[in-house]
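Below: the structure, in structure tokens.
The values are calculated or read from the model by the stated rules, or taken from the named source; none is laboratory data. Note that this is a predicted model, so its numbers are computed, not measured. Here the Cβ positions follow ideal geometry from the backbone for every residue, glycine too, while neighbour counts run over all protein chains shown.
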Amino acid sequence: MVITFDDGYADSLSAMRPLCERFDIPATVFVTAGYLDGQREFWWDDLEAQTLGRGVTAMRDLELEVNGERLMWPAGTSLRAIYDALHVRLRPSTAETRDQVLNDLAHWQGARRGVREDHRPLTESECHQLAASRRVDVQSHTVHHLWLAAHPAPVQAYELRESRRRLAEITGRPITALAYPYGFRDAVAPGTLALAREAGYSAACATVRGQVVRAADPLWLPRYVPGDVDGEGLLCRLNGFFDDFAAPHPPRGGAVRDTREVNAKELT
Ligand SMILES: [Zn+2]
């Protein structure tokens, strides 16, 4: 069994690493290399904080341009509607567009984009410390966490290669494994797996549910995603996963009924 954590939150070091070492459990953290500067939250957390967070109000009209589309919300619009409209548009956007929109939102609120301690990504130095653990391995989750399928091949190739380079430099260790951002089948383009191979990865994880069987493509490894749940919820999900293992015909990497719903909600 292989345990993995995506994105590279700071609590990978403060909470997860001590547990892995205490119980002697090996784990891999897939780190988003472009978020290690300590300056910002992951885009989905930042968006959530700036639309649904404490103190946010829709007292003023909001007007934004996202990928050439002009969006307008009059004062009093539901913040949830604004969040939903922006989330769906920012997910396939470039890193620059996301940054621009998040800056515009901060301006709308007359606030600054903050970095909350309990939501922040690892810093470079923390990433280095994490990789020095005898139980935790750091691998790649690209540079900007893009929806790769929405971007041309050279951009995808850059995300795959550059994250390997940066993380190898930070950790002093070879980077050979990848987790695709989001990990859904439609989040990667038909050529993405070949680009991952060319970039030097020998294994890559998706988030489609399933066991790794002998015939599995090493560049499209299924996983079981428990999502963001409490201890009791995790136990419940794990029991569901183990039922799969016991089944006479376990799923072979294809998404099963409720996985998509879990992923869409909890993996942003
Ligand atoms: Zn991710």
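Just a few scattered comments:
- Odd one out for Pro226 among (1) under 30 Å from Glu41 (Cα atoms); (2) modelled with pLDDT of 95 or more; (3) in a loop (DSSP other than H, G, I, E, B): (2)
- Residue selected from region 148-174 under the condition closer than 19 Å to Leu221 by Cβ and away from the ligand (no atom under 16 Å from the Cβ), by the criterion surrounded by the most Cβ atoms within 10 Å (Cβ to Cβ): Arg164
- Residues within region 229-248 that are outside any helix (DSSP H, G or I), modelled with pLDDT of 90 or more and of a type outside the set (A, V, I, L, M), tallied: 1
- The single condition among (1) at negative phi; (2) assigned to a loop (DSSP other than H, G, I, E, B) that His145 does not meet is (1).
- Members of region 6-47 that are within 11 Å of the ligand (Cβ to nearest atom), in a helix (DSSP H, G or I) and farther than 20 Å from Val88 by Cα: Tyr35
- Residue in region 69-92 that is within 30 Å of Leu167 (Cα to Cα), surrounded by 12 or more Cβ atoms within 10 Å (Cβ to Cβ) and polar (S, T, N, Q) present: no
Conditions tested, residue by residue: (1) within 16 Å of the chain's Cα centre (by Cα); (2) under 25 Å from Ala131 (Cβ atoms); (3) among the aromatic types (Phe, Trp, Tyr).
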| site | (1), (2), (3) |
| --- | --- |
| His145 | yes, yes, no |
| Ala157 | no, yes, no |
| Ile170 | no, yes, no |
| Tyr182 | yes, yes, yes |
| Val188 | yes, no, no |
| Thr192 | no, no, no |
| Arg214 | no, no, no |
| Leu234 | no, no, no |
| Phe241 | no, no, yes |
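- The residue that is farthest from Ile175 (Cα to Cα), counting only those in region 5-51 that are hydroxyl-bearing (Ser, Thr, Tyr) and assigned by TED's automatic domain parsing to the domain that holds Tyr180, is Ser14.
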